[in-house]
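Following: one structure in structure tokens, then a few remarks.
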Amino acid sequence: MRRYLPTLGLLALLASCATRHEPVDLDAMYWRFDGKLSIQGGDRSRIVNIDWQQRGDSSDIHLNGPLGVGDVHIQTVGQRLVIDSGGTTEVYPLDQDLVIEGDSFRLPWKRLAYWVRGLQGPDMAPIESEFSQGVWSVSVLDSNNTGPILIVLNHPDVRLRLKVRRWQNGVENGSEKGMANQI
């Protein structure tokens, strides 16, 4: 028994020095995807390129497309939504209605960052096939090991269809770790 006392003493010392840390999901701290976004509402339809970067609760989204759609840069920081569309910058609270091409509807920005990753919300529960919240329904139609690659968001006034080309999770330095194959 005496042989084990130094080992037990060392283990007790290490245990007393150890501090408990909550697990950190590094992939949730930074992620990025690019793809195509189809916006259908009323008698209008647009297809735009989308490049979305997420750092914690801050979003940095670039939209661009042909035929007058131009470039739109959307940022969410804290409780603010900043939209820059070709030199015109507007700042909104995150919970305010968003007007797109004359149509006004509430886009749930805080939840949207979860939905595009195939999650219902902050509880990280996955969207199995379809999920509804309020007037929105979210369907994940296809995914791979890096994330959803085909998502449809339906609202009574608008339908958004997202086709992801590439995902990048947890790496910001430009490496290809976590990148999905070209679709």
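Here are the numbers for this structure:
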| read-out | value |
| --- | --- |
| Qualifying positions in the range 142-156 - in contact (Cβ under 8 Å) with a residue 12 or more places away in the chain and either surrounded by 12 or more Cβ atoms within 10 Å (Cβ to Cβ) or not in a loop (DSSP other than H, G, I, E, B) (or both) | Ser143, Asn144, Thr146, Gly147, Pro148, Ile149, Leu150, Ile151, Val152, Leu153, Asn154, His155 |
| Residue that is surrounded by the most Cβ atoms within 10 Å (Cβ to Cβ) [pool: residues in the range 26-39 that are farther than 15 Å from Thr146 by Cβ and modelled with pLDDT under 90] | Ile39 |
| Matching residues in the range 106-144 - criterion: being within 20 Å of Ile61 (Cα to Cα) and touching a Ser or Thr at 6+ places or on another chain (Cβ under 7 Å) | Trp109, Ala113, Gly118 |
| Selection status of Ala125, closer than 18 Å to Arg55 by Cβ, small (Gly, Ala, Ser) and modelled with pLDDT of 80 or more | no |
| Of all residues making up the range 118-141, the number that are in a loop (DSSP other than H, G, I, E, B) and among the polar types (S, T, N, Q) | 2 |
| Filter result for Ile149 (modelled with pLDDT of 90 or more and either farther than 20 Å from Tyr30 by Cα or of a type in the set (A, V, I, L, M, F, W, C) (or both)) | yes |
| Enumeration of residues in the range 32-59 that are part of a strand (DSSP E or B), farther than 25 Å from Asp142 by Cβ and without any contact (Cβ under 8 Å) to a residue 24 or more places away in the chain | Ser58 |
| Evaluation of Gly174 against (1) within 14 Å of the chain's Cα centre (by Cα); (2) at pLDDT below 75 (one fails), failing number | (1) |
| Selected residue (criterion: surrounded by the fewest Cβ atoms within 10 Å (Cβ to Cβ)) from residues of the range 57-85 that are small (Gly, Ala, Ser) and at pLDDT 80 or above | Gly78 |
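The values are calculated or read from the model by the stated rules, or taken from the named source; none is laboratory data. Fair warning: this is a prediction, and the values are worked out from it, not measured in the lab. Quick reminder, even Gly has a Cβ in these numbers, built from the backbone with ideal geometry, and neighbours come from all protein chains shown.
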